Amino acid sequence: MTICTAVQAVRERAALTHCITNSVVTGFTANVTLALGASPAMVDIVGEAGDFARVADGLLTNLGTPTPEQRAAILEAVTAAQEAGTPWVLDPVAVGSLKHRTALAHQLLELRPTVIRGNPSEIIALAGFGVGGRGVDTADSVGSAMAAAESLAERFGSTVAVSGPMDVIIAPDRRASVGGGSALLTKVTGGGCALGAVIAAFCGSLADPFEATVAAHATYSAAAELAESRSQGPGSFAVAFLDALSAVGPEQIESISVDYVNTRTEELAR
Amino acid sequence: MTICTAVQAVRERAALTHCITNSVVTGFTANVTLALGASPAMVDIVGEAGDFARVADGLLTNLGTPTPEQRAAILEAVTAAQEAGTPWVLDPVAVGSLKHRTALAHQLLELRPTVIRGNPSEIIALAGFGVGGRGVDTADSVGSAMAAAESLAERFGSTVAVSGPMDVIIAPDRRASVGGGSALLTKVTGGGCALGAVIAAFCGSLADPFEATVAAHATYSAAAELAESRSQGPGSFAVAFLDALSAVGPEQIESISVDYVNTRTEELAR
Amino acid sequence: MTICTAVQAVRERAALTHCITNSVVTGFTANVTLALGASPAMVDIVGEAGDFARVADGLLTNLGTPTPEQRAAILEAVTAAQEAGTPWVLDPVAVGSLKHRTALAHQLLELRPTVIRGNPSEIIALAGFGVGGRGVDTADSVGSAMAAAESLAERFGSTVAVSGPMDVIIAPDRRASVGGGSALLTKVTGGGCALGAVIAAFCGSLADPFEATVAAHATYSAAAELAESRSQGPGSFAVAFLDALSAVGPEQIESISVDYVNTRTEELAR
């Protein structure tokens, strides 16, 4: 399957994407998911989250503002997702020293997320290899998070995606890197968080979570490149990014460099 | 009263519009209400919501992310609105199988909303004629929701508005259809939810809820048409829609088709 | 220090700006803070807010939608900020008659905020000189809030900023007025609230809260003027404002009128 056919699959299915995400980025995340062609729904309360996760195509759990209600709703949703076979994404925002999200992230790891996505500091902290970033920003490079990402992939059977100037996606037996994108994504709140919803939408439309995660990153990067060329700053970039996601096609996606490596880290590092 | 004079009334009054709405669309809803020329306030906690509903011109209750705090605040606000004579709108987002919102929606129905607005699947589910849509999207056509809308209007004395390519507004003794608009509204989160706030603002400025609801839909459609002509996708559409709402006047509004039928459904169906 | 070097200090530090703010404006506030060049983080739950306030450069507490969780988190954060020496801003949105926010605002006053910012009605109500505005809008002029602002500055040792067509910033021993800006800021939700985060970012980067608050207002006004010249309404203004904040430099800032008065009100009033 090519990335372009993957995007087509998401759009044809209008993948029902269940998002339990932080209060800062709910609107942008929904708009990104809609622009992609999927159908987002933010069902984040106890007593409803589980039922919805059963019928959704994919689920995002983002720990950015984990109120007690959301923490309980996330556990309810993930438990239901597991039972129903709904693929689910963990985005451990600012994990490290903040206690509620850190405890919850480790509890969720044990439930074996389909995909884990984060910035390098988050992946390093989640793997127990470091203490986390500076607020919600990374303090580490993508390269420095490789061992942590591998460790998470092996221990929990997850696909692990590390975001940066070059994204790296690692599954227990495969890896890929995705280039392109735009640094302006780091100047728009939800630039990373909304990618979690996009990954959930792709996972809800394709059988293979690794391929879905790679395709999600490549599509996101293609739209970001297109948007950057049409913007004058972070405000107009966010607007152009939504326009671009709704229009992105083969021409843009094929310009994104995607490299697959079906080997171990040691060899990649050569 | 013409629709243009209705818009003028909302702007002159700067209708104080009390919104208790879902966490995904709060910002967009406030911006839409401001762009219209009204004054939104999101007072959604227990102990404040009732007091505010007493002084507001109109109240929106939207069930999109009904936390326990919001559920209690909505009941407090609606009770106060009834006592004070504040018109109030019920938007039963994704009602059907999700249990908390569905139970609350039925409880609110008994309090006789001034206006009920939703997509066809929501209106059908609320009336007990079906099970609801797919996530927050409709699975039914406007036409198929007519009997449900009539039933709600008769049982609860409400004006019932069903959104779609052609909107239909039904009161116990009257009905109207409003054309125009833009399909891009379904690609912007809050495109439907913010209409609930606009209806509340109009109801807070005009004496007749049916006329207010028709005028709200026509104004919204006129702004959406204008915005679509100036946009390249859902991102730029949302921006242009706010600009258009703040500028919309007689020229745009008169281009929207509004048909009144002062008869029963059976005749309309001819 | 000039205002331009102050802006540079915020950007070089990428001031870690802890925001506990209302649910309507979280996204816009984060985007404004990012566009400025600071690093926002919305940590608003009990058990995390205190720990984060200790490491943040500045803290904003905004009372716009004060859920029970947020009310407790705000007290936790402010207590920690005081212990750690983190400067903190109080924005008492719609204080006056709504009971939870009003009680909390008075409790926070006793903890002596570094900066208090609000519209005239909020400042008047907070000082006990009046009953508050109309919803979240002011019902009073900046001039009529001078005595209230002075009273707050003297009693609590705070810098007090009153927003309006001409902003006034009052410290116990100094005052300044800042011109420029755009009325469109009042047509974008969070136009005032996000300024609170900008003040917190400046306070986290400069030693003197009065100078920081003046610089924050001047920078904000400069960006707003630039944005207004590039917009067609409130939607495009909000987008252009983010672009402008990220680009604003000496040329725009020097065009903003800033007048310092190192005297008492009586003399200013001459």
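Selection of the range A:177-194 for residues being within 15 Å of A:Met166 (Cβ to Cβ), among the aliphatic types (A, V, I, L, M) and open to solvent by less than 10 Å² (accessible area, probe 1.4 Å) yields only A:Val178. None of B:Thr159, B:Thr138 is within 14 Å of another protein chain (Cβ to nearest Cβ), closer than 18 Å to B:Ser221 by Cβ and in contact (Cβ under 8 Å) with a residue 24 or more places away in the chain except B:Thr138.
Where in the range A:41-143 are the helices (runs of 4 or more DSSP H), entirely inside, with at least 2 residues that are in contact with a helix residue (DSSP H, G or I) (Cβ under 7 Å, 6 or more places away or on another chain), modelled with pLDDT of 95 or more and surrounded by fewer than 24 Cβ atoms within 10 Å (Cβ to Cβ)?
The qualifying helices (runs of 4 or more DSSP H) are A:49-55, A:68-84, A:99-109.
From the list C:Glu76, C:Glu83, the lone residue that is of a type in the set (Asp, Glu) and away from chain A (no Cβ under 14 Å) is C:Glu83. Listed by first and then second residue, the pairs linking a residue in the range A:33-51 that is under 13 Å from B:Val24 (Cβ atoms) to a residue that is open to solvent by 10 Å² or more (accessible area, probe 1.4 Å) and aromatic (Phe, Trp, Tyr), with Cβ atoms under 8 Å apart and 6 or more places separating them unless they lie on different chains, are A:Ala41/A:Phe52; A:Val43/A:Phe52.
Figure legend. Inter-residue proximity from the range C:171-190: first residues within 15 Å of C:Ile256 (Cβ to Cβ) and within 14 Å of another protein chain (Cβ to nearest Cβ), second residues open to solvent by 30 Å² or more (accessible area, probe 1.4 Å) and outside any loop (DSSP other than H, G, I, E, B), beta-carbon distance below 7 Å, spacing 6+ or different chains. Indicated pairs: C:Ser182/C:Glu225; C:Ser182/C:Glu228.
When we screen A:Ala201, A:Ala194, A:Ala240, A:Ala215 for residues that are over 17 Å from the mean Cα position of the chain (by Cα) and at pLDDT 95 or above, the only hit is A:Ala240.
Filtering the range B:229-242 to residues that are open to solvent by less than 20 Å² (accessible area, probe 1.4 Å), at negative phi and of a type outside the set (A, V, I, L, M) leaves B:Pro234, B:Gly235, B:Ser236, B:Phe237, B:Phe241.
Going by the conditions given, is B:Ala6 within 12 Å of chain C (Cβ to nearest Cβ) and open to solvent by less than 40 Å² (accessible area, probe 1.4 Å)?
Values: within 12 Å of chain C (Cβ to nearest Cβ): no; open to solvent by less than 40 Å² (accessible area, probe 1.4 Å): yes.
When the stated conditions are applied, B:Ala6 does not pass them.
For the range C:229-243, residues that are of a type in the set (Phe, Trp, Tyr) and either more than 9 Å from chain A (Cβ to nearest Cβ) or assigned to a loop (DSSP other than H, G, I, E, B) (or both) total 1. Scanning the range A:244-256 for residues that are in a helix (DSSP H, G or I) and more than 20 Å from B:Phe237 (Cα to Cα) turns up A:Pro250, A:Glu251, A:Gln252, A:Ile253, A:Glu254. In this structure, C:Ala145 qualifies as more than 14 Å from chain B (Cβ to nearest Cβ), hydrophobic (A, V, I, L, M, F, W, C), in contact (Cβ under 8 Å) with a residue 24 or more places away in the chain and over 30 Å from B:Ala73 (Cα atoms). Within the range A:220-260, can you find the residues that are more than 24 Å from C:Leu34 (Cα to Cα) and not charged (D, E, K, R)? Scanning the range A:220-260 gives A:Ser246, A:Ala247, A:Val248, A:Gly249, A:Pro250, A:Gln252, A:Ile253, A:Ser255, A:Ile256, A:Ser257, A:Val258, A:Tyr260. A:Met166 meets all of the listed conditions (1) of a type outside the set (Phe, Trp, Tyr); (2) touching a residue at least 12 places away in the same chain (Cβ under 8 Å); (3) open to solvent by less than 20 Å² (accessible area, probe 1.4 Å) but one, namely (3).
Right, B:Leu226: in a helix (DSSP H, G or I), at pLDDT 95 or above, more than 13 Å from chain C (Cβ to nearest Cβ) and open to solvent by 20 Å² or more (accessible area, probe 1.4 Å) or not? No: the conditions fail for B:Leu226. For the range B:44-65, the set of residues classified as over 11 Å from B:Thr17 (Cβ atoms), at the interface with chain C (Cβ under 10 Å from one of its Cβ atoms) and aliphatic (A, V, I, L, M) consists of B:Ile45, B:Val46, B:Ala49, B:Val55, listed by residue number. Just checking, does the range B:249-266 include any residue being at pLDDT below 95, within 14 Å of another protein chain (Cβ to nearest Cβ) and either touching a helix residue (DSSP H, G or I) at 6+ places or on another chain (Cβ under 9 Å) or open to solvent by 50 Å² or more (accessible area, probe 1.4 Å) (or both)? Checked the range B:249-266: at least one residue is at pLDDT below 95, within 14 Å of another protein chain (Cβ to nearest Cβ) and either touching a helix residue (DSSP H, G or I) at 6+ places or on another chain (Cβ under 9 Å) or open to solvent by 50 Å² or more (accessible area, probe 1.4 Å) (or both).
Taking the range A:24-39 as the range and being open to solvent by 10 Å² or more (accessible area, probe 1.4 Å), of a type outside the set (S, T, N, Q) and within 8 Å of chain B (Cβ to nearest Cβ) as the test, the residues that pass are A:Gly27, A:Leu34.
Residue pairs whose Cβ atoms lie under 7 Å apart, separated by 6 or more positions or on different chains, with the first residue in the range B:77-91 and of a type in the set (Ser, Thr, Tyr) and the second not in a helix (DSSP H, G or I), are B:Thr86/B:Ala56; B:Thr86/B:Gly58; B:Thr86/B:Leu59.
Considering only the range B:202-220, I want to know if a residue exists there that is hydrophobic (A, V, I, L, M, F, W, C), under 16 Å from B:Pro120 (Cα atoms), assigned to a helix (DSSP H, G or I) and open to solvent by less than 10 Å² (accessible area, probe 1.4 Å). So far as the range B:202-220 goes, no, none of its residues is hydrophobic (A, V, I, L, M, F, W, C), under 16 Å from B:Pro120 (Cα atoms), assigned to a helix (DSSP H, G or I) and open to solvent by less than 10 Å² (accessible area, probe 1.4 Å).
The values are calculated or read from the model by the stated rules, or taken from the named source; none is laboratory data. Owing to the predicted nature of the structure, the values given are computational and were not obtained by experimental measurement. Positions of Cβ are backbone-derived with ideal geometry, glycine not excepted, and every protein chain shown enters the neighbour counts. Remember, those area values only see protein heavy atoms, side chains included, never the ligands or the DNA or RNA. Shrake-Rupley method; radii C 1.70, N 1.55, O 1.52, S 1.80 Å.
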